[in-house]
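The structure under discussion appears below in the form of structure tokens.
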Amino acid sequence: MNRDRDPAGRPRNARPRDGLGRPLDRAADPGSAADPIPDDLVITGAEAAALADRLLRDGRPFHAHEVLEAAWKYGPAAERDLWQGLAQIAVGLTHARRGNARGAVTLLGRGVQRVRGYQDGDGSPDRGGSGRAARREASPFGMNIASFLAAADDLAARIERDGLDAIPAADLSPGLLAVRG
């Protein structure tokens with residue numbers, strides 16, 4: 001079976017995907033496919049935060065994951081845990097939307113743990129255990145990390161306790177950016 005490959009020979013899946021990242025049949029109506037995120041996306045932290053926020057709020061966590069993964073791959077090394085953890089939370093939300101409670105709880109928890117230290121607002125983790133992360137409201141790139149992590153923690157606990165059927169769809173679309181009123 002021939003696989004789709006990029007110019008460098010790496011495997012790619014050129015099949016169109018739905019809004020949750022599931023591959024569609026190659027003969028599917030092109031209108032049913034979601035706009036893909038380019039494999040070679042290079043994006044700044046602020047751009048990644050804004051685009052991921054929009055995709056999450058629109059119920060497209062798979063695509064938000066791809067944006068966050070691009071920030072992780074191409075961003076500064078000091079930010080990699082932040083972006084990787086946010087991408088894991090987006091994958092957890094994707095699992096929840098696809099009906100996979102176990103995968104959702106696992107990835108939400110992993111992502112929260114990885115991101116927790118970035119609540120201090122300067123884009124670097126609070127590795128010294130000073131507690132400054134918990135005391136500050138600002139977050140890197142305009143993200144409200146504390147609120148986002150609280151929503152992910154709460155969602156994971158509710159899924160474990162009540163199952164996915166008890167979770168309203170709106171709760172699977174948490175915002176990443178701080179909303180200014």
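Comparison of 15, 5 shows that the only residue that is farther than 30 Å from residue 142 by Cα, modelled with pLDDT under 75 and exposed (fewer than 13 other Cβ atoms within 10 Å of the Cβ) is 5. Taking region 58-115 and the helices (runs of 4 or more DSSP H) fully enclosed by it, no element has 2 or more residues that are surrounded by fewer than 24 Cβ atoms within 10 Å (Cβ to Cβ) and touching a strand residue (DSSP E or B) at 6+ places or on another chain (Cβ under 7 Å). Restricting the first member to region 42-61 and to residues that are closer than 16 Å to residue 171 by Cβ and touching a residue at least 40 places away in the same chain (Cβ under 8 Å), and the second to residues that are of a type in the set (D, E, K, R) and in a helix (DSSP H, G or I), the beta-carbon pairs closer than 9 Å and six or more apart or on different chains are 59/97; 60/54; 61/97.
Would you check if residue 27 is at negative phi, modelled with pLDDT under 95, exposed (fewer than 14 other Cβ atoms within 10 Å of the Cβ) and part of a helix (DSSP H, G or I)? Judged against the criteria, residue 27 is not a match.
Per the listing 133, 151, the residue uniquely part of a helix (DSSP H, G or I), buried (at least 18 other Cβ atoms within 10 Å of the Cβ) and modelled with pLDDT under 95 is 133.
The values are calculated or read from the model by the stated rules, or taken from the named source; none is laboratory data. This is a predicted model, so every value here is computed, not measured. Cβ atoms come from the backbone with ideal geometry, glycine included; neighbour counts cover every protein chain shown.
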